[in-house]
Every structure is written in C-alpha cells, then in structure tokens.
Amino acid sequence: MDKQTVVVLFGGRSSEHSISSATAGGVLAAIDRERYAVIPVGITRDGAFVLEQDEPARFALDAAKMPEVVDNGTRVRWPEPDGDRMLRVAAPDGSTTDLGEVDVVLPLLHGLHGEDGAIQGFFDVLEVPYAGGGILDSAVCLDKHFTKLALSAAGIAVAPGITVRRHAWEADPENIRAEVRELGPVVFVKPATAGSSVGVSRVEDGERLDEAFRIAFAEDDKVLVETRIAGREIEVGVLAGRDGGRARASLPGEVVLTSRSFYDFEGKYLGGEGVEIVCPADVDDDLIARLQDAAVRAFEAVDGRGLARVDFFVTADGELIVNELNTMPGFTPFSMFPKCWIASGLTYSDLITELIETALCP
Ligand SMILES: Nc1ncnc2c1ncn2[C@@H]1O[C@H](COP(=O)(O)OP(=O)(O)O)[C@@H](O)[C@H]1O
Ligand SMILES: [Mg+2]
C-alpha cells in the first residue's frame, strides 16, 4: 500500500499554542507510520509556517518548560490550487526543497485561527484536504452565542441566559444587572469566544458582577451570562461517520470536581488539584444511550465534520443540557477526547487513523 502523506500542523497564534504543541508530540509518537508519511509543520506564535523536526520528545508536555514552535528560519510553501500538490520548504538562504505531495493536513490547532474556521477556509481556498471541523462548524462552535442558537433551533436544551454586547453594558449597566437577577442567584459570566475557561467567572448573588463583566470583556466584545446549572459535567467524543454513515459517539467521560468551584484554567492545565477526568463515567446504560444520541444530534445541529467533543451538564433528575462543543478538543493521550475513545475500544493510534480517514474517505 502506498503511504499517504499527512501534514501534522500545530502551534499557532492562539493562547493555546503550547497545548497544541504538546498534542503534536503525542500524535507524532503514535501516528501509524506504516500507513502514513508524516511532515510536521509548526506555526510560530507570530503565524509563520515552519518545517519542524519529526521528534515527538521535543514536544512533550512539561510544566517546567511548555513546548512551543520556535522560528527556525524555514518557511513552508503550500501547493497552489491549480498546480501539483507538492509541499515545499524554503531555507533561510531562499533555496527550496520538495517535501512530498500532500494528501491531507491534520490541524491540531486550538482557538484563534485554528479552531474558528480561519485555517479551514485557508485550506479550502488552496484545495488542500484537511481533517477535523470545516469552516461553518468551527466558526459556530467557537462562538458560544451562535452555538446556543444552533442547538436551541434543533431542540437541544442549553443553559438559560443572555448575551450582552459591550456597548449595551456601557450604556445601561443597571438594566443589564436587572436582567442578570432574573437568571437566578448564581450565574456564570463568560466571553463568547474564549476557551480554556479564560475570562469565565462564577458570580453569586450579584456580588462582583461588574468585576466579572470587566474580566470577560477583556477577552471579547460579546459576553454570555448564564444561569448556573447544578449537575455533573459529562463529555462525549463524536467522530464523523465513515462511508456516508452517521456520526459515532464514544462512551461518556466525566470531569469530577472534588474541591474546585468550577472547571477553571488552573484545574485544566496547571495541574491544579481538585479535578479528575474519569473515563468512562460512572453512568447507567440508559443515560449512556441518551448522552450518545444527544451528542450526535448536537454534532449534526452544527453541521459537524471530522470530530467534536460535546460537553454536557447532567442534572440530578437526568436532564441533559449541552454546554458547548469543541471542534478541536484537547487531543493529548491524556485528554478527555482520546480517553473516551480509548474507553470505547480504540487505541490512541487508531483514533488518529480514524480522524485522518474521515477526511480522506468521508
Ligand atoms: N451555566 C453554567 N453552569 C454551571 N457551570 C458552568 C456554566 N457555564 C460554565 N460553567 C463552568 O465553567 C467551565 C468553563 O466554561 P465553558 O463554557 O466550558 O468555557 P470554556 O470554553 O472556556 O471551556 C465549565 O467547564 C463549567 O465548570
Ligand atoms: Mg468548556
């Protein structure tokens, strides 16, 4: 069998640059080398495409020194739509070398430009096939306001809340404070497009509401305020179908908060105590079936492509509320999405193959 050439693309301009680089370390170590010829391409924090070394260990997750893409002076040149599919690299002296004809790009990027439809549009324009979310699902899911519109329209429950534009808050804060009081004694304030819990606050009894708005508006001009949903945080991995089939859902995993008031940045990435990822979650078969069905429906509601992690709140009486979808969820071998699929019978390496194959033979 001829090997397919896969460009593993990582790093990027977003605040999640290092997490993306750590994911690349995991993927480079596990990708099926019998099947795929791999070209690692990094995006520096300034947005330059550089040829990276194929050395997984360089990108290992290490709290002391987070992995990153450094500018080594090379520049990767993507193929033109009407030409060959040859990927080339320019050395600092300007000389170029052919790297191979690209079959598919595997973008392992989070946040700005990587997970919001921008890089997806770039590859659509270049006519380079890529794995994962497309333009529309990426853009919709990166914006929590539009995610909720799309889910609600499909009859999927979301947290009650309001969306507040900066100008509205500045023009009439008293009116907004009154609307927030209607949402209940505890609310969450969060920027529409941030991730990794950056800018998210829990506000009790209106205390520090102004402060929460200030923090959220530092990230985005659009801020959501939601009723706090009391419930378990349960997440399901979805992979696009193969051969025209329906999307597939993994077993659910759970974010268990033992001593933290919510799943904040420190708990997610800084090894903060009080958070555990439990996979598979301790839930009965009926709930598994309902979660999987709702996850696939949520994926379809946003025109999902490739993959997504669908994050739920499950209330004490078993109601399912979708909090958000991530079109490029954490993908290190220790992240929820891979763990859910591993619990469902795939290996990490199989999962990478599945993701690539859904792009090559959708
Ligand atoms: N309406 C809500 N009710 C209860 N907890 C919430 C609510 N919204 C957010 N949270 C908590 O804040 C965390 C981060 O919010 P989330 O909307 O998932 O943003 P991010 O995109 O940054 O992950 C969630 O994992 C959850 O712990
Ligand atoms: Mg989240």
statement: The simple spin-label model distance between residue 214 and residue 77, using points 7 Å out along Cα→Cβ, in nm, is 5.2 nm
query: Helices from the chain with mean Kyte-Doolittle at least -1.0 and a Cα length along the axis of 15 Å or more, per DSSP H: which?
result: 17-30, 285-301, 348-360
- request: Can you figure out the FRET efficiency of residue 286 with residue 35, using R₀ = 41 Å and their beta-carbon distance, to the nearest 0.05?
  value: 0.60
task: Counting helices only, and only those DSSP H runs with n ≥ 4, report the 222 nm mean residue ellipticity of the chain as the sum of -39,500 (n - 2.57) divided by its residues, in deg cm²/dmol to the nearest 500.
output: -8500 deg cm²/dmol
- prompt: Based on the Cβ-Cβ distance from residue 45 to residue 315, what FRET efficiency comes out when R0 is 51 Å, to the nearest 0.05?
  reply: 0.80
- line: Extension length gain for residue 65 and residue 242 (0.36 nm per residue less Cα distance), in nm, is 59.8 nm
message: Along the Cα→Cβ direction, 7 angstrom out, place labels at residue 149 and residue 204. What is the inter-label distance in nm?
response: 3.5 nm
- prompt: How far is it, in nm, from the label point at residue 91 to the one at residue 127 when both lie 7 Å from their Cα along the line to the Cβ?
  reply: 3.2 nm
- prompt: Rank 59, 262 by accessible area, highest first, at a 1.4 Å probe radius?
  reply: 262, 59
query: Which whole-number percent is the relative contact order of the stretch 4-130 (Cα, under 8 Å, 6+ apart)?
result: 30 percent
Out-of-range pairs (alpha-carbon distance over 29 Å; input 144/339; 3/65; 148/268; 222/268; 65/339; 144/268): 3/65
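The values are calculated or read from the model by the stated rules, or taken from the named source; none is laboratory data. None of the values given here were measured: they were computed from a predicted structure. No Cβ is skipped: glycine too gets one built from the backbone with ideal geometry, and neighbour counts run over all protein chains shown. Remember, those area values only see protein heavy atoms, side chains included, never the ligands or the DNA or RNA. Shrake-Rupley method; radii C 1.70, N 1.55, O 1.52, S 1.80 Å.
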